[in-house]
Structure formats: C-alpha cells, structure tokens
Amino acid sequence: MLKQRLITALILIPLVIFGIFFLPPIPFAMVSGIVFLLALWEWTLLAGFKTRVSRIGCALLIPFVALTLLAILKWLGREALQEGMPLFILGFWLLALWLLTRFPKDKPLWDSKIFGVIAGCWVLVPAFGMLCALHYLHPKWVLYVLSLIWIADTAAYFIGKRFGQHKLAPDISPGKSWEGAIGALFAGLLWALAAYKILAPNLALLSWCVLAIVTVIFSIVGDLFESAFKRVRNVKDSGNLLPGHGGILDRIDSLTAAVPIFTISFMIFH
C-alpha cells in the first residue's frame, strides 16, 4: 500500500506543480473544477445517496444550494458578501469541530441525507472558490498551502506510526494519534519558518506562524470530518480512482478545510 501511495504521489505532485505555475487563472479553475466535480460525485455516496439517479440529483443540488446562498448575500450587498461568506465558512468548520468531539452521539444527524447535502455545500464549494482566489492572488500561495498540508500529513503519518500511543479520535479514525497530530503541527511550523523569508517577509513572524498552525489544525478537522462520514456509511475510501490513496475526496479532505481557512486568515493578517 505504501509503495502504491508513493508511486501515485510521485506522478501527481509534478502534474499539480505544473498546473499551479503554468496554467492561467481560468484554465486552472477549469482543471480544479473537474477535480472537485469528481470529489462531489464521491461525496454523494458519503451523503447517503446510493442509486445513480439520486446521486446525480444530490450532485446538482449541492452547488445549487451554495450558489443560492451566494446570490442572497450578493443581493444583500457587497459588504454582506465580503463579510458574510468568511463568517459562514469559519462558522461551519467550528461547528464541524464541535460535532466531531461529540461523535458518535449525534449519529442520526450524520445519517441524515439533508445534513449530507448541507455539509457537502460547505466542504466542497468554498474550497474550490478559495483555491481559485488564492491562485489568482499568486500561484505561490497555492503551492505553499498545499505543501504545508502535504508535509503536515506526511509527518503525522510517520510520527503517528512510530510513536502513536494516544488515540486522537478512536471512534472516527483509529489510526490517528495525538502524537501524530503534534508532529504535523511541528512539521508545519518548521516549513512555515523555512518559507517565511521567501514568501512573507513583510508579515509579522508571529502572525505567519499562527497562520500555519491554524491551517494545519483545520486540515486535521477536514480529514476527520470526511472520515466521520465514511465511518457512518461503513466505507474505507470515498472511491478507488487513485491507487493506494482511495478516491479524490480522500486526497483533498484536509484541503477542503485548510484552503478556505488559510485564505480567510491570510487576508485578515495581510
């Protein structure tokens, strides 16, 4: 399994880096859109829809609900859109964190298809939009946040495997440990410090470090949130498109929370 994961990663990472730096904003958004559409299709299964027709309906409903909310905020005014959307995104992920601490007490909620649709709106649509916005600001920010999460995830895996004794969320993901999570935070902080002089010399070092820590924390929340849905649906992976990695959603689950939180926090700090 580890060999498959490494081979897949070695193929995908150069393609991702090429896309980040050599695709203009619109083609980048189109390619990213395809990736998120595949993830959306996988999410329909986690949301509890099993037949092809119902999954298609769910896949259409999720972006429709998200776009309806955007239209309402835009109708309320530019300020409502600019201030309301970040608050909604941050509020959702804080709510997700709270729900994870209660899992599996609220199992009927997780079983609900309505909750699956609503959660899908906030997991996938803002992540896609914020990723494109970050790329528009400068491709280097996309590479930085992706590399931050890749490094944190890798550290969590190996440190957790070697030193993990205390389970982080045994009812959701038994393989994750507090030691692995701390290792992820430490590795992410080291990477942030290494990139500071190149990427953000004008930003206060403390703010830059806090930004990295917050991003890594929410990447773990994003990972666990998808894992909770998989646990409820009794599936190991969201799909089988990527050998050794499972589905597309399994690869971007950390990013669904990390990218929006990083983008919002970066705009605040910057």
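The values are calculated or read from the model by the stated rules, or taken from the named source; none is laboratory data. All figures in this text were calculated on a predicted structure; none of them were measured in a lab. As a convention, Cβ positions derive from the backbone with ideal geometry for all residues, glycine included, and neighbour counts pool all protein chains shown.
Only residues that are surrounded by fewer than 17 Cβ atoms within 10 Å (Cβ to Cβ), touching a helix residue (DSSP H, G or I) at 6+ places or on another chain (Cβ under 8 Å) and not in a helix (DSSP H, G or I) were counted across segment 99-115, and they come to 2.
Exactly one residue among Ile213, Ile182, Ile220 is β-branched (Val, Ile, Thr), crowded, with 22+ Cβ neighbours inside 10 Å and at pLDDT 95 or above, and that residue is Ile220.
With respect to Gly48, is the statement that it is in contact (Cβ under 8 Å) with a residue 60 or more places away in the chain and at positive phi true? The answer is yes for Gly48.
Once segment 14-43 is narrowed to residues that are of a type in the set (Val, Ile, Thr) and free of Cβ contacts under 8 Å to residues at least 24 places away in the same chain, the residue that is surrounded by the most Cβ atoms within 10 Å (Cβ to Cβ) is Val31. Would you confirm, using the coordinates I've provided, whether Ala192 is under 30 Å from Thr51 (Cα atoms), at pLDDT 95 or above and hydrophobic (A, V, I, L, M, F, W, C)? Taking the combined requirement at face value, the residue does not satisfy it. With the structure loaded, tell me whether Ile118 is surrounded by 13 or more Cβ atoms within 10 Å (Cβ to Cβ) and touching a Pro at 6+ places or on another chain (Cβ under 7 Å) or whether it fails that test. Judged against the criteria, Ile118 is not a match.
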